[in-house]
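Participant: Dropping a structure here in structure tokens format, bear with me for questions.
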Amino acid sequence: MKVYKYGDNVDTDVIIPARYLNAPDEKSLASHCMEDIDASFASTVEPGDIIVAGANFGCGSSREHAPLAIKASGVKCVIAPSFARIFYRNAINIGFPILECAEAAEGIQAGDTVSVDFSTGVITDETTGKTYQAAPLPEFVQGIVDNGGLLKSLKARGVAK
């Protein structure tokens with residue numbers, strides 16, 4: 001899983017520009033993901049790759065399209081010191097894992113190979129051999145992610161149809 005690295009305050013307008021919000025499906029969103037900050041992202045990202053970013057990732061508007069575009073592009077997770085609150089909630093709602101870990105966000109570099117154990121929160125930079133400890137998602141939140149999002153999780157529990 002190769003790393004794409006970005007700085008602080010990456011906002012939702014950069015993650016998925018507003019001009020593409022009427023895209024007909026998730027794959028169309030993914031084809032424009034990050035293009036205003038990294039024109040090659042959509043054409044080079046591979047399933048399982050990871051985004052590592054600075055503080056306040058996902059700030060800006062409350063569009064659910066932002067984590068959806070990242071997830072649809074095949075990214076396994078985003079690691080950052082902090083996330084905008086609405087991005088954090090939207091990511092969980094669509095079943096996309098994110099981890100807060102300032103040390104990993106600082107130490108991991110673009111192009112590194114990284115593995116993540118979501119159950120323990122251990123992030124391993126396979127390139128350098130360094131490990132970092134993020135707080136794992138609470139069990140009930142991990143359950144939402146594992147089920148593919150909030151609605152699917154509620155359906156699996158028989159709470160929604």
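The values are calculated or read from the model by the stated rules, or taken from the named source; none is laboratory data. Because the structure is predicted, anything quoted here is derived from the model rather than measured. Quick reminder, even Gly has a Cβ in these numbers, built from the backbone with ideal geometry, and neighbours come from all protein chains shown. These accessible areas exclude ligands, DNA and RNA; they are computed on the full protein's heavy atoms, side chains included. Shrake-Rupley method; radii C 1.70, N 1.55, O 1.52, S 1.80 Å.
Participant: Filter the cross-link list 27/76; 71/152; 2/76; 76/161 down to pairs whose alpha-carbon distance in this structure exceeds 18 Å.
Facilitator: Distance filter (> 18 Å) returns 76/161.
Participant: Next question. Given [x] 1.07; [y] 1.04; [z] 0.95, which label gives Rg/Rh (Cα atoms, Kirkwood Rh) as computed from the coordinates?
Facilitator: Correct label is [z].
Participant: Taking only protein heavy atoms and a 1.4 Å probe, what accessible area per residue, in Å², does segment 1-148 have with all protein chains in place?
Facilitator: 45
Participant: Now for a different question. Calculate how many DSSP beta bridges within the chain are antiparallel, expressed in % of all such bridges and rounded to the nearest 5.
Facilitator: 40
Participant: Report the accessible area of residue 131, computed with a 1.4 Å probe over the heavy atoms of all protein chains in place, in Å² rounded to the nearest 10.
Facilitator: 90
Participant: Now a separate question. Within segment 6-161, what whole-number % of the accessible surface is contributed by carbon and sulfur, with the 1.4 Å probe and all protein chains included in the calculation?
Facilitator: Within segment 6-161, the accessible surface is 51 percent carbon and sulfur.
Participant: Once you order the gyration tensor axes a ≥ b ≥ c over the Cα atoms, which shape class does segment 1-74 get: rounded for a/c under 1.5, otherwise prolate or oblate by comparing a/b with b/c?
Facilitator: oblate
Participant: Normalised by the residues of segment 33-120, what does the relative contact order come to in percent, with Cα pairs under 8 Å and at least six apart?
Facilitator: 28
Participant: With an 8 Å cut-off on Cα pairs and a minimum separation of 6 or more residues, tell me the relative contact order of the chain in percent.
Facilitator: So the answer I get is 21 percent.
Participant: Using 1/(1 + (r/R0)^6) with R0 = 22 angstrom and r between the beta carbons of residue 44 and residue 19, what's the FRET efficiency to the nearest 0.05?
Facilitator: Given R0 = 22 Å and the Cβ-Cβ separation, E is 0.55.
Participant: Now for a separate question. Counting each DSSP H run of 4 or more residues in the chain as -39500 (n - 2.57), what helix-only mean residue ellipticity at 222 nm follows after dividing by all residues, to the nearest 500 deg cm²/dmol?
Facilitator: Calculated mean residue ellipticity at 222 nm is -7500 deg cm²/dmol.
Participant: Test of understanding: in a Gaussian network model of the chain with alpha carbons linked when under 10 Å, which of 74, 148, 129 would top the mean-square fluctuation ranking?
Facilitator: Maximum among the listed residues: 129.
Participant: Moving on to the next point. Considering only 22, 147, 90, give the residue with the highest GNM mean-square fluctuation for the chain, with springs between Cα atoms whenever their separation is below 10 Å.
Facilitator: Highest fluctuation of the listed residues: 22.
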